[in-house]
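Novice: Handing you a structure now.
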Amino acid sequence: MKTHLVIPCFREATRLPHFLPGLCAAMAKLGGLTVQVVDDGSGENETEATRKIVEDLRSSHPALSPLLALPHNLGKGGAVYAGWDSAPSDVEWLAFVDADGSISAREVIRVGETALSSPTSQAFFASRVKMLGRKVDRVFKRHLMGRIYATLVSELLRIPVYDSQCGLKIVPAAAYRQIRDRLTLSGFAFDVDLLVQLLRIGIQVQEVPIDWHEVPGGTIQLVRDSLRMARDVWTLRRTL
């Protein structure tokens, strides 16, 4: 089954080289795959550095598409959706994974194989939950903020989800195209909007426990971005 995997990047030229080569090599085993790195308006120097990383790999990894460079910062969700919107028309699955390498190529493959062997009436959200022998190495304050946010999502939206924000998701392409015009959030809370809209059209969303190892160097500011995400969830609640 054909799959289009997007890697959204905002100032990730330092961390991406440690993740992308191994991911491309591993993903070749799945077949029928295209990989699209999307630079989310990182600035001229960062964008060109990211472009060079991608171009240096393309000769040995033909499934890797040229860099999609956005002229302005759209937010993580905006970058993911720009990548999905650029997917070949015949793909059956759309996916994204964070660029930092917190989710290993091995785990991306494992979740991908689960999705590709399942009907396209389901979507798969990776989850940082210590179940089924999975190992989650996460800074405590990030874990705490994640649990507070998950509780907020569950209470305000009445969705029993453990981890809506983990950076690996795989959704049926047909379902995404059906809900595309309804997706209004493009920041870090876009995952919740995506989840809500998928559930609205009857897509079953499965949380898949994964191994996760925190990699330092991200641009997220916990208090500021948590407040923004809470605001976005409240905004989404008012539309239901």
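Values in this text are rule-based calculations from the coordinates and carry no lab data. This one's a predicted model, so the numbers in the text were calculated from it and none came from an experiment. Quick reminder, even Gly has a Cβ in these numbers, built from the backbone with ideal geometry, and neighbours come from all protein chains shown.
Novice: With the crude spin-label approximation of a point 7 Å out along Cα→Cβ, what separation in nm comes out for D137 versus A230?
Specialist: The modelled label-to-label distance comes out at 3.1 nm.
Novice: If R₀ is 35 angstrom, what is the calculated FRET efficiency for the pair Q178 and R58, using the beta carbon separation as r and rounding to 0.05? Intermediate values should be presented prior to the final figure.
Specialist: Working: r = 32 Å, r/R0 = 0.91.
According to the calculation, E is roughly 0.65.
Novice: Would you be so kind as to identify all helices of the chain, as entire DSSP H runs, whose Cα atoms reach 24 Å or more along the helix's own axis and whose mean Kyte-Doolittle hydropathy is at least 1.0?
Specialist: On the way: long enough: 140-157 (25 Å, 0.42); 222-239 (26 Å, -0.51).
Result, helices passing both filters: zero.
Novice: Contour minus end-to-end for R238 and H72, with contour as 0.36 nm per residue of separation and end-to-end as the Cα-Cα distance? Intermediate results must be reported in sequence, preceding the final value.
Specialist: Details: separation 166, 0.36 × 166 = 59.76 nm, distance 2.82 nm.
Once the chain is fully extended between R238 and H72, it gains 56.9 nm.
Novice: May I have the pair-distance distribution P(r) for region 1-112, computed from all Cα-Cα distances with 10 Å bins from 0 and rounded to whole percent?
Specialist: All Cα pairs considered, the percentages come to 15, 52, 31, 2.
Novice: Taking the chain as a Gaussian network, Cα atoms linked when under 10 Å apart, which of R58, R158, R106 shows the biggest mean-square fluctuation?
Specialist: R158
Novice: So, in nm, how far is label L199 from label I159 when the simple model puts each one 7 Å beyond its Cα toward the Cβ?
Specialist: With each label point 7 Å from Cα toward Cβ, the separation is 0.6 nm.
Novice: For E48 and L144 in the same chain, what is the full-extension length gain: residue separation times 0.36 nm, less their Cα-Cα distance, in nm?
Specialist: 31.0 nm
Novice: Report the label-to-label distance for H18 and K130 in nanometres (one decimal), using points 7 Å from each Cα along the Cα→Cβ vector.
Specialist: Each label point lies 7 Å from its Cα, and together they span 2.3 nm.
Novice: Order these by the 10 Å Cβ neighbour count, fewest first: H72, H4, H61, H18. Intermediate values should be presented prior to the final figure.
Specialist: Numbers: H72 7, H4 24, H61 17, H18 12.
Ranked by crowding around the Cβ, least crowded first: H72, H18, H61, H4.
Novice: Okay, moving on. Any idea what % of Cα-Cα pairs in the chain are farther than 32 Å? Please list the in-between numbers first.
Specialist: Values: 3774 of 28680 pairs.
Looking at the chain, the distances longer than 32 Å represent 13 percent of pairs.
Novice: Now a separate question. Among L74, S154, S121, whose Cα lies farthest out toward the positive end of the dipole of the chain, if unit charges sit on the beta carbon of Lys, Arg (+1) and Asp, Glu (-1)?
Specialist: Selected residue: S154.
Novice: Please list 36-46, 164-174, 201-211 highest first by mean number of surrounding beta-carbon atoms within 10 Å per residue.
Specialist: Numbers: 36-46: 19.9, 164-174: 22.0, 201-211: 17.0.
Answer by packing, highest mean first, reads 164-174, 36-46, 201-211.
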